[in-house]
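A short worksheet on the structure shown next.
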Amino acid sequence: MTIELTVTAKGQVTLRQAVLDHLGVKPGGKVCVSMLPEGRIELASASAGHDLCDVRGMLRRRRQRPVSLEEMRDAIEAGRH
């Protein structure tokens, strides 16, 4: 199905309810836009899933001190037994 949308003077597009229903997006929800070659875009629900590159850095890391090579060797050796 193809739906034609109008771009406003501000460069905005309003998605019709049929599009929102198809994406499973509720009012206040978010969508992701991927820019593809040849002037095409892909629109998806932000909650539909992400590529691994998109989620990199989303989880906070606990600050830990660097591990020395000796500590790594010791951990490897301990795991062998």
Those residues that are free of Cβ contacts under 8 Å to residues at least 24 places away in the same chain and open to solvent by less than 50 Å² (accessible area, probe 1.4 Å), I need them from the stretch 20-31; list them, please.
-> LEU20, VAL25, GLY29
If you scan the stretch 5-19, which residues turn out to be within 21 Å of SER47 (Cβ to Cβ) and open to solvent by less than 100 Å² (accessible area, probe 1.4 Å)?
-> VAL13, LEU15, ALA18, VAL19
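Evaluate the following for GLU77: is it open to solvent by 80 Å² or more (accessible area, probe 1.4 Å), at pLDDT 85 or above and in a strand (DSSP E or B)? Even if it seems obvious, please write down each step before you answer.
Working: open to solvent by 80 Å² or more (accessible area, probe 1.4 Å): yes; at pLDDT 85 or above: yes; in a strand (DSSP E or B): no.
Considered against the rule, which asks whether it is open to solvent by 80 Å² or more (accessible area, probe 1.4 Å), at pLDDT 85 or above and in a strand (DSSP E or B), GLU77 comes out as no.
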On the given criteria, is THR2 open to solvent by 80 Å² or more (accessible area, probe 1.4 Å) and polar (S, T, N, Q)?
-> yes
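The values are calculated or read from the model by the stated rules, or taken from the named source; none is laboratory data. Bear in mind that the values here come from a model prediction, so they are computed numbers and not experimental data. In this analysis, Cβ positions are derived from the backbone assuming ideal geometry, glycine residues included, and neighbour counts consider all displayed protein chains. Heads up: the accessible areas ignore ligands, DNA and RNA and are worked out on the full protein's heavy atoms, side chains in. Shrake-Rupley method; radii C 1.70, N 1.55, O 1.52, S 1.80 Å.
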